[in-house]
Amino acid sequence: MNLEAMAKILIGIGLFIVLAGIMLYGLSRLGAYGIKIPGDVYIKKGNFSFYFPVVSCLIISLLLTLIINLIGRR
């Protein structure tokens, strides 16, 4: 892999991170931060709470897989 191709990849990753940050900031300003989807694990006992977003992780993984496959078909 040459230096120019690696530079383009790093720029693309950087733009993705910036866009993801802007999106998360916007969602938190709208009050949509911490949305709990049915199927996510949430346990609360006394002063202990545990939250594991199983379904959210599956949905994000599916969306990212679709996006990467669409981009990679060029």
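The values are calculated or read from the model by the stated rules, or taken from the named source; none is laboratory data. Keep in mind the model is a prediction, meaning the values are calculated, not measured. All Cβ positions, glycine included, derive from the backbone under ideal geometry; neighbour counts span all protein chains shown.
Give the range 57-74 a look and list any residue that's surrounded by fewer than 10 Cβ atoms within 10 Å (Cβ to Cβ) and among the β-branched types (Val, Ile, Thr), or say none. Ile71 - this is the single residue of the range 57-74 that is surrounded by fewer than 10 Cβ atoms within 10 Å (Cβ to Cβ) and among the β-branched types (Val, Ile, Thr). Checked against the criterion of being among the β-branched types (Val, Ile, Thr) and either modelled with pLDDT under 90 or surrounded by fewer than 10 Cβ atoms within 10 Å (Cβ to Cβ) (or both), the candidates Val54, Val18 yield just one match: Val54. For the range 2-25, the tally of residues that are farther than 17 Å from Leu63 by Cα and of a type in the set (Phe, Trp, Tyr) stands at 1.
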